[in-house]
Amino acid sequence: AQSVSQHNHHVILSEAASLELGCNYSYGGTVNLFWYVQYPGQHLQLLLKYFSGDPLVKGIKGFEAEFIKSKFSFNLRKPSVQWSDTAEYFCAVNAHSGGYNKLIFGAGTRLAVHP
Amino acid sequence: GAGVSQTPSNKVTEKGKYVELRCDPISGHTALYWYRQSLGQGPEFLIYFQGTGAADDSGLPNDRFFAVRPEGSVSTLKIQRTERGDSAVYLCASSLTAGNEQFFGPGTRLTVL
């Protein structure tokens, strides 16, 4: 069965620190990959997505993620975080074999950025 | 409306009762999804509609859960004989077609006492 692992459940950073959140998935076929963010009191929003092409994907608010097929990974990065990045981040995958019908989510990483 | 809407935002019910949760997708989106998010976990897939039909209901936990989308737009998730373990946030999402970006609603927080 497909699964998504996010290695860090809680991350605490100071403003201007660099961020990297790990995401690994288990599925051998073609996948689409996503990072969603949930700010306090708000609903899930798409941060960035990878369907094909350049494995380095740029998203909103300065975030980027790199798809490394050989490692089944899609890590999220940001060079310098801000207090407003405090949120919960979810990695998700949907698979070609499933007709891309459903997202499989990781458990999420709760990020707290201190000023 | 501009986004996916869900009603009610909160629902408190007693064990054994029946509940209905409603989702209004983005206009023109043919694909609609229901997910459930328990505390400390990521959303978990329940069911996917393409148009009016449930194309994949493999995530429904048991036969107490049922969902409909009779006109290919609004969907209702129905839970019979609720149990305390059903307490969670129920999320609805829609996309233009399957495989495209899914847009999520704010969710309905269900509490079963």
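The values are calculated or read from the model by the stated rules, or taken from the named source; none is laboratory data. The shown structure was predicted, so the numbers you read here are calculated from the model rather than taken from an experiment. In this analysis, Cβ positions are derived from the backbone assuming ideal geometry, glycine residues included, and neighbour counts consider all displayed protein chains. Heads up: the accessible areas ignore ligands, DNA and RNA and are worked out on the full protein's heavy atoms, side chains in. Shrake-Rupley method; radii C 1.70, N 1.55, O 1.52, S 1.80 Å.
Below is a table of values for the structure above.
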{"quantity": "Where the Cα pairs of chain A fall when distances are cut into 10 Å bins, in %", "calculated": "14, 50, 29, 7, 0"}
{"quantity": "Value of Rg to Rh for the protein assembly as shown (Rh from inverse mean 1/r over Cα pairs, i.e. Kirkwood)", "calculated": "0.97"}
{"quantity": "Fraction of accessible area attributable to carbon and sulfur, chain B (%, probe 1.4 Å)", "calculated": "48"}
{"quantity": "Fraction of accessible area attributable to carbon and sulfur, segment A:1-63 (%, probe 1.4 Å)", "calculated": "52"}
{"quantity": "Diffusion constant of chain B at 25 °C, which comes from Stokes-Einstein with the Kirkwood Cα-pair radius and 0.890 mPa s, µm²/s", "calculated": "177"}
{"quantity": "Summed buried accessible surface, chains A and B, 1.4 Å probe, nearest 100 Å²", "calculated": "1400"}
{"quantity": "Relative contact order (%) - segment B:1-91, alpha-carbon pairs under 8 angstrom, separation at least six", "calculated": "32"}
{"quantity": "Estimated vicinal HN-Hα couplings, Hz - segment B:13-30 in sequence order (Karplus 6.51, -1.76, 1.60; Gly, Pro = x)", "calculated": "9, 9, 3, x, 7, 9, 9, 10, 10, 10, 10, 10, x, 5, 4, x, 7, 8"}
{"quantity": "Isotropically averaged projected area of segment B:1-57, using the convex hull of Cα atoms (one quarter of hull area), nm²", "calculated": "5.2"}
{"quantity": "Charged-residue dipole, Cβ positions (Lys, Arg, Asp, Glu), segment B:1-107 about Cα centre, Debye nearest 20", "calculated": "360"}
{"quantity": "Diffusion coefficient, µm² s⁻¹, Stokes-Einstein with Kirkwood Rh over alpha-carbon pairs of segment A:11-55 at 20 °C and 1.002 mPa s", "calculated": "161"}
{"quantity": "Protein-protein interface of segment B:83-113, residues with accessible area decrease of at least 50 Å², isolated chain reference, 1.4 Å probe", "calculated": "B:GLY99, B:GLU101, B:GLN102, B:PHE104"}
{"quantity": "Phi to ³J(HN,Hα) by Karplus 6.51 cos²θ - 1.76 cosθ + 1.60 over segment A:8-15, Hz, x for Gly, Pro", "calculated": "9, 8, 9, 10, 10, 9, 8, 3"}
{"quantity": "Rotationally averaged projected area of segment A:21-84 (alpha carbon convex hull; nm²)", "calculated": "4.9"}
